[in-house]
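K.L.:
Could you have a look at this structure, given as structure tokens, before my questions?
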Amino acid sequence: MRRIIASLLLIIGFIGAASAYDNPKALVEAIYQPYGVGQQHEEGLEQFYSARLKDLYAANLERQSVDEKGASVDPDAPDMLAFDPFIEGQNSLLLDLVISEPVLNGDRAVATVSFHNFDHLSLISVAMVREADGWKVDDVASLAGSQNWLLSWLLQY
């Protein structure tokens, strides 16, 4: 029962009002806009995610739930809802933010974003896809430092 309720809440959150972006650069700029002043997105990050990425988050949330006996469905499933992939953490004080011009390939695009979050240097790659309602983030990768990751993999494995 908890799993059903959690899944419904997640789906309702993902159905909320989404903004349409006509180009990938506008999408990435909208994502990073509040971080420059130490804020976060009040509406949540899911407004920026593609249908595929939303499905991966929903599956991850389901793996974190408990079964009818109260046992974890997957005790090794990471809690990805608390992690903000665009700043590689939970808190932000971004300095030296640079957003590259996206490279377009049909209905797909990739842009890199570099910044210092407090004293941590980050280089993020944002993969985007054009959906019916505009450009959406389809994956995020960390490319700097010793802890490189790909968001879709973190959600699945």
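The values are calculated or read from the model by the stated rules, or taken from the named source; none is laboratory data. These numbers were taken from a predicted model, which means no experiment stands behind them. Heads up, the Cβs are rebuilt from the backbone with ideal geometry, glycines too, and the neighbour counts pull from every protein chain shown. Just the protein is used for accessible areas: all its heavy atoms, side chains included, with ligands, DNA and RNA removed. Shrake-Rupley method; radii C 1.70, N 1.55, O 1.52, S 1.80 Å.
Quick grid of which residues meet (1) buried (at least 19 other Cβ atoms within 10 Å of the Cβ); (2) of a type in the set (Gly, Ala, Ser):
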residue: Val137; (1), (2): yes, no
residue: Ser142; (1), (2): no, yes
residue: Trp149; (1), (2): no, no
residue: Tyr157; (1), (2): no, no
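K.L.:
Give the residues of the stretch 1-40 that are touching a helix residue (DSSP H, G or I) at 6+ places or on another chain (Cβ under 8 Å), at pLDDT 50 or above and assigned to a helix (DSSP H, G or I), sorted by residue number.
P.N.:
Narrowing the stretch 1-40 to residues touching a helix residue (DSSP H, G or I) at 6+ places or on another chain (Cβ under 8 Å): 3, 6-7, 10-11, 13-14, 16-19, 21, 27, 30-31, 40.
Filter again for at pLDDT 50 or above, leaving 18-19, 21, 27, 30-31, 40.
Listed by number, the residues that qualify are Leu27, Ala30, Ile31.
K.L.:
Next question, about the same structure. Starting from the stretch 44-70, keep only residues that are over 22 Å from Arg130 (Cα atoms), then list their pairs with residues that are at pLDDT 75 or above whose Cβ atoms are within a distance under 9 Å, requiring at least 6 positions of separation or different chains.
P.N.:
Note: pairs meeting the criteria are Ala59/Leu155; Ala59/Gln156; Asn60/Leu154; Asn60/Leu155; Asn60/Gln156.
K.L.:
Of all residues in the stretch 122-133, count the ones that are crowded, with 17+ Cβ neighbours inside 10 Å and either touching a residue at least 60 places away in the same chain (Cβ under 8 Å) or within 12 Å of Ser50 (Cβ to Cβ) (or both).
P.N.:
Going through the stretch 122-133, the residues crowded, with 17+ Cβ neighbours inside 10 Å turn out to be 122, 124, 126-130.
Right, trim to either touching a residue at least 60 places away in the same chain (Cβ under 8 Å) or within 12 Å of Ser50 (Cβ to Cβ) (or both) and you get 126-130.
Here the count works out to 5.
K.L.:
Applying the selection to the stretch 100-121, what residues are assigned to a strand (DSSP E or B), open to solvent by 80 Å² or more (accessible area, probe 1.4 Å) and at pLDDT below 95?
P.N.:
His120, Leu121
K.L.:
Right, something else. Within the stretch 128-140, which residues are touching an Asp or Glu at 6+ places or on another chain (Cβ under 7 Å) and over 15 Å from Ala30 (Cα atoms)?
P.N.:
Matches in the stretch 128-140: Val129, Arg130.
K.L.:
Can I ask one more? Only residues that are modelled with pLDDT under 90 and hydroxyl-bearing (Ser, Thr, Tyr): list them for the stretch 55-99, please.
P.N.:
Listed by number, the residues that qualify are Ser65, Ser72, Ser92.
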